[in-house]
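Notes for the one structure printed next.
The values are calculated or read from the model by the stated rules, or taken from the named source; none is laboratory data. Note that the coordinates shown come from a computational prediction; the quantities given were computed from them, not determined experimentally. Heads up, the Cβs are rebuilt from the backbone with ideal geometry, glycines too, and the neighbour counts pull from every protein chain shown. When the accessible area is computed, the model is the full protein with side chains, heavy atoms only, and any ligands, DNA or RNA have been set aside. Shrake-Rupley method; radii C 1.70, N 1.55, O 1.52, S 1.80 Å.
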Amino acid sequence: MNFLEHFGKALIELRHTRIISIITVIFAFVYHLVFLFVFKALGVMPMFYFNFISITVFLCLLLVESRLKSFLVPYIIAFAEVVAHQILADYYLGGNSSFHFFILLMGVIPVVTFERHFLLQIIFQMLGYTGFIVFECIETRILPKYEIADHIITVIKAVNISLTMFVICCILFIFAFFLQAIQKSLQIKILEKTIEADKEGKRRLALQNHIINSLASLVENRDADTGDHIQRTSAYVEILARKAMEHGIYTDVITEEFIEVVRRAAPMHDIGKIVVSDTVLKKPGKLTPEEFEQMKLHAIEGGRIINEVIGVSEDKEYVAIASDVATYHHERWDGKGYPYGLQGTEIPISARLMAIADVFDALVSPRCYKEPMSQDKAFRIIQEESGSHFDPVLAQLFLDTRDETERVLHIYTK
């Protein structure tokens, strides 16, 4: 860390009011110490004694500066001292001594010292500028009590003007540097917070995905025939959704973010089967109408479970899509599905994607009640039921993904 970075850090830690307060008191102490000898040499003893008192006051302020939480007290003392110094200088040396430039300085300092205390800024600036104007108006009427050569007065005047401008420039530089340092510090803190929030978000997402996959696997493992059903269907859904986006289909809904969410939500599509008894779920033969009605309950129950178990998640989009997938993936394009008999575009796109992936995987996978179907026949059924069971646009796109779909099937086939 270089000097400027150390200085910036010090400014941030101490706050710029204290920095400027300390600099102001040090400057005032050194200035009066110098003029203590000047007035002694000139023989202006009243100003010599006044400077001696001023040195004592500023030395005391400097000693207690680190304990002060506000710049107000040293500022008031400094302001009173400057005004008194001006009055005495004009009285003993004449109006042309021009010490009133310090009145202007004391009006500038509050801008960078009183931070958000706008009222204090206004009050003390008005005091400083009023004093400056008053002394400008009366200086020519004040006759000097001590005879001092004009060139000495000129030197004093030049020193006052030069020092005043120097201090103002220093204060403005410190203030500007402080703003830059605090801005950089805030940027670093924001970046750190963003990284921390991102890590926390990833941890939450990983935990949420773990819980979701565990719940889905719990349901899947009740039926030994389902194998890697949730992994395959998730992959099918992602492939199909990405193909739709590439062809500009349903792009008002299907985006990169949507694809990621629906991929994560797909494993939850059969979560409602947890309420279905093993007698029905594992029955090797055809279900009776009563048993089929019990099986159909898993769609409604799936949406309810998702909303109750993970509904508190901050990812509302995920909860909504997961609920749609679980509730509506058995709806049909022709309106003959369940649980609500939705038709066409009434069915959420996420559920339409899931329906194709779920049926295809069920066709090509072994079940306790059937043997697996050939891939050719499964794709042919998807084509035949396009426009009746499935969204015709998505069904055609699914047929176009055959190569990718078969690769997924090969990877997860045991």
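For the reader, a short list of remarks on this structure follows.
- For the stretch 264-414, the gyration tensor built on C-alpha atoms gives a rounded shape. Its axis ratio a/c (a ≥ b ≥ c) stays under 1.5.
- Between the amide H of F390 and those of W333, distances stay under 5 Å, these residues lying 5 or more places away or on another chain, with hydrogens modeled in the peptide plane.
- Unsatisfied cross-links (Cα-Cα over 32 Å) in the set K316/K377; K157/K184; K193/K273; K283/K336; K199/K282; K273/K377: K316/K377; K157/K184; K193/K273; K199/K282
- Under 15 Å, Cβ to Cβ, from E246 - net charge with Lys/Arg +1 and Asp/Glu -1: -3
- Surface listing: F50, F258, F166 arranged by accessible area from highest to lowest gives F166, F50, F258, probe 1.4 Å.
- Separation between Cα centres of the stretch 355-414 and the stretch 238-264, rounded to whole Å: 19
- V261 - accessible surface, heavy atoms, 1.4 Å probe, Å² rounded to 10: 10
- Furthest towards positive pole of dipole, A241, A266, T251, structure part the stretch 225-273, Cβ charges: A266
- Contact order relative to length of the stretch 255-414, as percent, for alpha carbon pairs under 8 angstrom and 6 or more apart: 19
- Among the trypsin sites (Lys or Arg not before Pro) within the stretch 235-302, those in coil by DSSP and having at most 15 neighbouring Cβ atoms inside 10 Å are K282, K286.
- Sparse-neighbourhood loop sites, chymotrypsin sites (Phe, Trp or Tyr not before Pro) in the stretch 315-379 - DSSP loop, at most 12 other Cβ within 10 angstrom: Y369
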